[in-house]
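Some notes on the structure that comes next.
Readers should treat all values here as calculations from the given coordinates under stated rules, not as data from a laboratory. Since the structure is predicted, the reported quantities are computational estimates derived from the model, not experimental observations. With ideal geometry, Cβ positions are generated from the backbone for all residues, glycine too; neighbour counts draw on all protein chains shown.
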Amino acid sequence: MHQTLNYTITMLNNIRIVLVNPSHPGNIGAVARAMKTMGLEHLYLVNPKSFPHVNATALAAGADDILERATIITSLKDALVGSEIVFGTSARLRALQLPTLDPKAAAKFIINEAKVNKISIVFGRENNGLSNEELELCNHQLYIPTNPNFSSLNIAAAVQLIAYEIKMADQIETTITTPTIDLASTEAIQSFYQHLQQTLITTKFLNLKNQNGLMAKLKRLFNRAQLEKTEINILRGILTSINTKNEND
Ligand code: SAH
């Protein structure tokens, strides 16, 4: 029993909630409260408009410890450092769709992966959500099924719902059932993308006209694959062999 409990704490401890550009400090407090009620502790704030703020503390209603320990950071990329799996939440389905899960399916997946991997769940701005570039940093999309004519929840309500499903999935998960694998970090994946882009420009597969669209599609392909550390090394090795050949030609 004891062992299960410790294990459970470790899994929730590997989950990070990231808010991009929140504009209402009250919402930040409400998010902290939503997190703490469900046992989540790690809050990252990317360029919050006003924080710390008396309204954040008021709405946290006792979850001020989460606010005090929150990490304030200037870019989403930096907020994701150390995460192997990144979920982007959105009230809209996008043109270039990532694999999309509902909260229950996402929570089950997250709790299983959190045994060995760190997971970030990213939430967007109150007025216009996450940009497509920000979603490109994510490997999964989480969509809370809603009224198609009125799909946007308050950000703290969205966090509450997802955190609740995570807590429920966490309670169901008592033993190690699925062998988990050592996934590549977000930083390693981003460096691979840069290496890939540079190489494909050198080989002229990419040009100024097509590079943004093609790179977005390639990123989506690799994000879907959930690359392991060893696989990233193989892919980097392939790129290096192409670069070396080009230099020698
Ligand atoms: N108008 C914005 C909605 C912003 S709501 C948009 O079109 O995306 C603020 C944030 O709450 C969203 O960025 C998302 O992180 C979360 N959210 C709100 N409704 C959601 C839903 N139905 N599914 C998933 N996340 C949602």
Check your understanding: Out of ILE121, ILE155, ILE234, any idea which swings most in a Gaussian network model of the chain, alpha carbons joined below 10 Å?
Key -> ILE234
**Study point:** Helical mean residue ellipticity (222 nm; -39500 (n - 2.57) per DSSP H run of 4+; nearest 500) of the chain
**Key:** -15500 deg cm²/dmol
Study note, to complete from the structure: Net charge near LYS36 (other residues with Cβ under 10 Å of its Cβ; Lys, Arg +1; Asp, Glu -1) is -2
Exercise for review: Rounded to the nearest Å, what's the spacing between the alpha carbon centres of segment 185-239 and segment 17-52? Just the number, please.
Suggested key: 32
Practice item. May I ask for the equivalent-ellipsoid semi-axes of the chain, computed as the square root of five times each C-alpha gyration tensor eigenvalue and listed largest first in whole Å? Key: 33, 22, 16
Check your understanding: Using alpha carbons only, how many degrees (0 to 90, rounded to 10) separate the axis of helix 211-225 from the longest principal axis of the chain?
Key -> 60
Study note, to complete from the structure: So the compactness index of segment 20-97, its C-alpha Rg divided by 2.2 N^0.38 Å, takes the value 1.15
Review point. Taking Cα atoms, how many degrees apart are the long axis of helix 25-37 and the longest axis of the chain, rounded to 10 and kept between 0 and 90?
Key: 80
**Study point:** Where only C-alpha atoms are counted, convex hull volume of segment 186-248 per residue in Å³
**Key:** 73
Point to revise | Whole-number D in µm² s⁻¹ for segment 63-118, Kirkwood Cα-pair radius fed into Stokes-Einstein, 37 °C, 0.692 mPa s | key: 238
**Study point:** J(HN,Hα) series, segment 110-118, from Karplus relation 6.51 cos²θ - 1.76 cosθ + 1.60, nearest Hz, glycine and proline x
**Key:** 4, 5, 5, 5, 5, 5, 10, 10, 9
